[in-house]
Amino acid sequence: MSMVSKILRVAALAIFMAWLIIPITWTISLSFKPYLEWRAAHFWPKDPTLLNYKILFYYEREITITTGGTALTKPMIPPLINTLIVVGVSTVIAVIIGFFTAYGASRYNSPGPFGLYFTLLTRMVPPATFVTPVLVYYRTIGFIDSHLGLILLYAAATVTYSIWILKGFIDQIPREWEEAAVLEGLSPLRAMVRVTLPLVKSALVVSGLFIFLMNYSEFLFALVLTTMKAVTLPVHLTTYVGAAGALYGAQAACGIIASIPPLIIGYVIQRHLITGLTFGMVRA
Amino acid sequence: MTEVSLRVENLKKTFGKTIAVDDITFEVRRGELFSLLGPSGCGKTTTLRCIAGLEKPDKGRVIIGGRDVTDLPPQKRNVGLVFQEYAVFPHMTVYENIAFGLRIKNLPKDEIHRRVLRMAELLNLEEHLNIRAGKLTLALMQRVALARSIVVEPEVLLLDEPLTLVDAKIKETMRRELRRYQKELGITILHVTHDQLEAMMISDRIGVMCQGKILQIGTPIEIYDKPNSIFVARFIGSPTMNLIEGRLEQWDGKLFLDLDSVRILLYGIPSEKLGGYIGRDVVLGIRPEDIEISTQPMEGSFSGKVSLIESSGNKLEVIVELDSVTLNVLSPLRMDLKVGQLVYLKMRPMKAHIFDKTTEKNIMLKEE
């Protein structure tokens, strides 16, 4: 009996793992395949090439992908930098505003008739609903194709997450700790910085990562609101199309490179992930 | 003349429609340990928070060390506060916890170091100094919290049920230690508790609170021997004081409590204080240890049946049934009693309290 359940458990895990890993390994394999193998079903490239990666760094050059097939490509470095700026700044803004909002909602009575639930409104409507109005407004105030425009939009759209994640953590921190600090002679603001902030550090990091990933892969608004200067990676990815059709190899290679920054971030903050994702245990 | 460290005047605090603290006034003298004692929800913690400045009173003044602090924020009041729980900062070491308040005051480093070490030595915390406070046992945490609050030398130290969550055995030791530190360091403490035994054991004076009001203030002995109301009488002392309703009668110059079936003779009660109460219904209060119990009839005794015997080794708690009432009797003797046995009871002279049935006040304490 236990043997059966053990086998079932392993099988379930294996299926789950495969479901996670196959798309990634397939992308890796695709990124090393030459044009002729892009649509082939075999896993290991028969004639491995680095051309797909080289394409990503060519500066506006017509390159020959295959006999008779050429493509005009743009380098991925500017979009990568755009993405890191836009997503990085918007994440920081969302987390900071989220922290203060969550703190206020947790420690004082939340304002207004809707309270904090009002902030969920932005997540209740399909994002596509907002595309046209935002486009019109941004055109009027000249925010199209600007870093600032995307930053503000991303921060506004994701601040809800940091509010709700952080509120859960702050609620768990007894007020007594801050009150004790105040009685020792700190102002309420400094008590928050000295006592509460260090205790929710992990939560800040985790909500930051969550928001970062969400914005990092955002496509719809980036597509509509950027044209040249502020193009982000997900949009840039779609430009690898040539006379020979979609450049699957280059897209795969671009995807692989794009997944490196989140990987590095995840590695650096892994210490916080455990406390953060288990939602608390701040009482140690 | 004794100096007053803390004075609370006509303090009132309401939350919506509930009156938490109802116009209370009391003083804590310098170097004194004063306990506010009352059941949970009686407003004692709210009083404490108003004194600390964590709540804003609706009315009244708080004077600390001769300075009116009613309108000052908590950080400017020079009070320390130890909570029931969550008293230490879990992400800091014990050393950092104790040094916290000193660092805020920007004292020189070596001065901080000296004072932290002295405090740690005093409270036996030296070996824990580098441990994260969140990893300590509750008892140690409370000790660290105490150290952190004492080290900054506040005018008054407020303790909000600091020992409630600690194990019974450790509680006993900590109670004694707390009393010792308080005397050695000459700290003024306002202590809040619902544990009457704790309050009786460590306090210089006690204020008994009920429903937002202070009913009685006095030394533990005063409160025990002369409770001014039924509430105080019942709240202080364990086992609880016996309270019997009956009619007060006078015969032959002797006072009786008439219970229809039994008449209880009351010794040594000055009848002039009871003038208006003869022939009226009153409540008699008598502590279990103030009833003599015997298997033989005594002069002026009345009889009852033993219904329960509880022995705690050094004393015997006997529950005796009279026709309409049950009496709790504490006997220091190891008597050989059986359930169902007939026993004779007698009140010790001068020990009975008589309360007005409607006002619930102790009649015998009426202006001496």
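Let's test the formula: R0 of 30 Å, r as the Cβ-Cβ distance of B:Leu308 and B:Asp195. What FRET efficiency results, to the nearest 0.05? Could you put the intermediate results ahead of the total?
Values: r = 25 Å, r/R0 = 0.83.
Between B:Leu308 and B:Asp195 the formula returns 0.75.
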Here P(r) for segment B:242-365, Cα-Cα distances in 10 Å bins, as whole percents, is 13, 46, 30, 11, 0
Expected sort for A:Trp164, A:Trp26 with the fewest Cβ neighbours (10 Å cutoff) up front is A:Trp26, A:Trp164
FRET efficiency for B:Lys105 and B:Arg179 from the Cβ-Cβ distance with R0 = 30 Å, rounded to 0.05, comes out at 0.60
If one compares the long axis through the Cα atoms of helix A:201-216 with the longest principal axis of the Cα atoms of chain A, the angle in degrees, nearest 10, works out at 30
Computed over chain A: longest principal axis from alpha-carbon atoms vs helix A:77-107 long axis, angle to nearest 10 degrees, is 20
Filtered hits (lysines, Cα-Cα < 27 Å from A:Lys33, offset >= 8 within chain) -> A:Lys46, A:Lys54, A:Lys74
The Kirkwood hydrodynamic radius of segment A:77-239, taken as the inverse of the mean 1/r over all distinct Cα pairs, in Å, comes to 17.1
With label points set 7 Å from each Cα along the Cα-to-Cβ direction at A:Phe130 and A:Leu36, the distance between them in nm comes to 4.9
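Ratio of alpha-carbon Rg to the 2.2 N^0.38 Å globular estimate for chain B, to two decimals, please.
1.19
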The protein assembly as shown: spread of alpha-carbon positions along the three principal axes, whole Å, largest first, is 133, 69, 52
Treating every alpha carbon of chain A as one equal point scatterer without solvent, the Debye formula yields log10 I(q)/I(0) values at q = 0.09, 0.10 Å⁻¹ of -0.60, -0.72
Rg (one decimal) and Dmax (whole number) from the Cα set of segment A:2-60, in Å, equal 17.5, 62
Checking rank on B:237-250, B:86-99, with mean other Cβ inside 10 Å and highest first, the result is B:86-99, B:237-250
Between B:Arg234 and B:Ile170, Cβ-based FRET efficiency (R0 25 Å, step 0.05) works out to 0.30
Label model pair B:Leu72, B:Arg30: point-to-point distance (7 angstrom along the Cα→beta-carbon line) in nm is 1.6
Rounded to the nearest 500, the 222 nm mean residue ellipticity computed for the protein assembly as shown from DSSP H runs (n ≥ 4, each -39500 (n - 2.57)) alone is -12500 deg cm²/dmol
Longest principal axis of chain A (C-alpha) makes with the long axis of helix A:2-31 (C-alpha) an angle, in degrees to the nearest 10, of 60
Looking only at aspartates and glutamates whose Cα falls under 13 Å of B:Lys109's and that sit 8 or more positions away or on another chain, we get B:Glu96
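In peptide A:183-192, what is the residue-averaged number of other protein chain Cβ atoms found within 10 Å of each Cβ? Each step should come with its number before you reach the end.
Values: counts 17, 16, 13, 5, 4, 3, 0, 2, 3, 0.
That average works out to 6.
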Expected sort for B:325-331, A:267-273 on mean C-beta neighbours within 10 Å, highest first, is B:325-331, A:267-273
Quick calc: nm separation of the 7 Å Cα→Cβ label points for A:Ile28 and A:Arg123 -> 3.2
Output field shielding_mean for B:85-93 (other chain Cβ, 10 Å radius) holds 5
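Read-outs throughout are calculated quantities, based only on the coordinates presented, and are distinct from any laboratory measurement. Fair warning: this is a prediction, and the values are worked out from it, not measured in the lab. Please note: Cβ atoms are built from the backbone with ideal geometry, for glycine as well, and neighbour counts cover all protein chains shown.
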